[in-house]
Protein chains: 2
Amino acid sequence: MNTLEQIAANRSFGGWHKRFRHRSAVLGCDMVFAVYLPPQAEDGPVPVLYWLSGLTCTDENFMQKAGAQRVAAELGIAIVAPDTSPRGADVPGDPDGGWDFGHGAGFYVNANQAPWDRHYRMYDYVVDELPALVEARFPVTTRRAISGHSMGGHGALICALKNPGRYASVSAFAPITHPADCPWGEKAFSRYLGDDRETWKAWDACELIAATPPDGERLPLMVDQGDADSFLATQLRPEQLRTACTLAGQPLTLRLQPGYDHSYYFIASFIDDHLRHHAAALRR
Amino acid sequence: MNTLEQIAANRSFGGWHKRFRHRSAVLGCDMVFAVYLPPQAEDGPVPVLYWLSGLTCTDENFMQKAGAQRVAAELGIAIVAPDTSPRGADVPGDPDGGWDFGHGAGFYVNANQAPWDRHYRMYDYVVDELPALVEARFPVTTRRAISGHSMGGHGALICALKNPGRYASVSAFAPITHPADCPWGEKAFSRYLGDDRETWKAWDACELIAATPPDGERLPLMVDQGDADSFLATQLRPEQLRTACTLAGQPLTLRLQPGYDHSYYFIASFIDDHLRHHAAALRR
């Protein structure tokens, strides 16, 4: 039986924010994640929004800064926020000491290159191991939604695109839309996945959209992007996502938000819209 | 002319969160403060809520974690968040290395004991110097409200009680209600103000309430306090505030919030109510 060690509990909007430590078999290390349980969870199981954070984040950034609990409490949605990479002294980090690879930068893929393949399997953790744990131990249903920011926006998109039927809805804030063709993604993918760029396509939202079969699931994508985001042109490139969606007949709502940057002030300004988008789908 | 150096600007709920560095003549050091300007400030001056944070905080904690911008933008209120003490290598800190005195712990008093009296004059900074700067340089009116958390709740209460007519409204989250009679307050006051406890009364909410003349201003006090706050019994002691208010005929709304702790999750859960309380008074 997987042991969950509760390391924090804070009352929040009539519900609870809690943090837990557990041993991840998939990642081969201890992991911390956070859960927001809305008041409705005391009366019966509620659906879950999985939130994937961006580079350098832990489970705490979103829970402390996004202001999501108010509307989650109104709508009766739990939120689960995992960490952004495996952690610990045994887990190799960026040999160059960078913040865009290794610890805090798991990129939500399954690495297949040594030494990364031993621990860096965030995709399996986020899609399978963590939901199985959450669904076994918390008052939640198997109705799931997924969202995230930046690297986590990329993560949310690929998790949904690779798993038809697993998520009721997906959205993203300032996602890395085409990691196979931007500096952050190329650095991470070349190490985690090796030099064969053909294998990268299985972990790239634009490529996955292009590869969706004609009768495949096409969950509407909701994406917010600040037009004053300093990473817009070099790393995020929402126009590539728009092109891929147009070519593939993939429904996309891409909102360019004037003056907004890459910070949590941007996320907080629009998180209500995303929660309502997910709630509508989770209810169906 | 006082120079304001802008060090950050983030679009937030249609307005702007900005941070500035300036030279404080009162404190004898450089200081950073944050401003939230709601969208209405583009059309004309708006009233200001001053927010005073608690021990160890800077201007950033409230702006990042309280989720106040959404309702401030709805109501058309600016928020100004100063730091919690003078800062810098020239400013002496706690000789024992504690976090409850010195840097991050100015207690919103004017120190009169060496070496603290050179820099630790947060009361004059918060009541006079900072509002004068803000009112000269930002699109704001002279309608002011004040609120804060813990040490900052104490600060908000004494600033309002000591300055009839200066604030339209006051509120506090988990304030140190009677610093002259709790460990945090006794440590800080004995150093900043010396051993004569009679002089402490001018900086203590309960004493100020007791000393208000019969015809003095009695601004209604709005206070939220979590009943699971680990500092409740030893440091905060809201029952002392209740007794002082009852004896003095001072209007008080004291809400004990079941299960809530001392964290920003507590503040975020109830900040909307406080903003609406202030907006109603600022409109009058």
Using a 10 Å cut-off on Cβ atoms, rank the peptides B:41-47, A:212-218, B:126-132 from the highest mean neighbour count down. B:126-132, B:41-47, A:212-218
Where the centre of each part is set by its Cα atoms, how far does the stretch B:12-30 sit from the stretch B:222-284, in angstrom? 27
Share of alpha-carbon pairs per 5 Å distance bin for the stretch B:61-176, given as whole %: 2, 10, 19, 23, 20, 14, 7, 3, 1, 0
Counting pairs of alpha carbon atoms under 8 Å apart in space and at least six apart in sequence, what relative contact order in percent does the stretch A:4-283 give? 17
Note on chain A: helices (DSSP H) long enough, at least 27 Å by alpha carbon along their axis, and hydrophobic enough, mean Kyte-Doolittle at least -1.0, are A:264-283
Computed from the mean reciprocal separation of all distinct C-alpha pairs, what Kirkwood hydrodynamic radius does the protein assembly as shown have, in Å? 25.2
Select from A:169, A:147, A:190 the residue whose mean-square fluctuation is largest in a Gaussian network model of chain A (Cα-Cα springs shorter than 10 Å). A:190
Please state the relative contact order of the stretch A:1-147 as a whole percent: Cα pairs under 8 Å, 6+ residues apart? 26
Percent antiparallel among DSSP beta bridges (both partners in the protein assembly as shown, rounded to 5): 50
Helical contribution to [θ] at 222 nm, DSSP H n ≥ 4, -39,500 (n - 2.57), averaged over chain A, rounded to 500: -8500 deg cm²/dmol
Could you give me D for chain A, from Stokes-Einstein at 37 °C and 0.692 mPa s, where the hydrodynamic radius is the Kirkwood radius over C-alpha pairs? Units µm² s⁻¹, please. 176
With the Cα gyration tensor of the stretch B:153-284 giving a ≥ b ≥ c as the square roots of its eigenvalues, does the rule (a/c under 1.5 for rounded; else a/b larger than b/c for prolate; else oblate) give rounded, prolate or oblate? oblate
Over the Cα atoms of the stretch B:48-105, compute the convex hull volume and normalise it per residue, giving Å³. 74
Given springs between every Cα pair under 10 Å in a Gaussian network model of chain B, which of B:36, B:264, B:108 has the largest fluctuation? B:264
Quick check on the stretch A:4-283: of the DSSP beta bridges with both residues there, what percent are antiparallel, nearest 5%? 50
Name the shape class, rounded, prolate or oblate, that the alpha-carbon gyration tensor gives for the stretch A:209-284, where a ≥ b ≥ c are the square roots of its eigenvalues, rounded holds for a/c under 1.5, and otherwise prolate holds if a/b is larger than b/c and oblate otherwise. oblate
For the pair residue A:128/residue B:247, report the inter-label distance in nm, with labels modelled 7 Å from Cα in the Cβ direction. 6.8
Closest to the A-onto-B rotation axis, which residue of chain A has its Cβ, and how many Å off the axis is it? A:67, 2
Whether the stretch B:1-96 is rounded, prolate or oblate, judged on the alpha carbon gyration tensor where a/c under 1.5 counts as rounded: prolate
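Each reported figure results from applying straightforward, stated rules to the coordinates on display, with no laboratory input. Keep in mind the model is a prediction, meaning the values are calculated, not measured. Glycine gets a Cβ as well: all are built from the backbone with ideal geometry, and neighbour counts include every protein chain shown.
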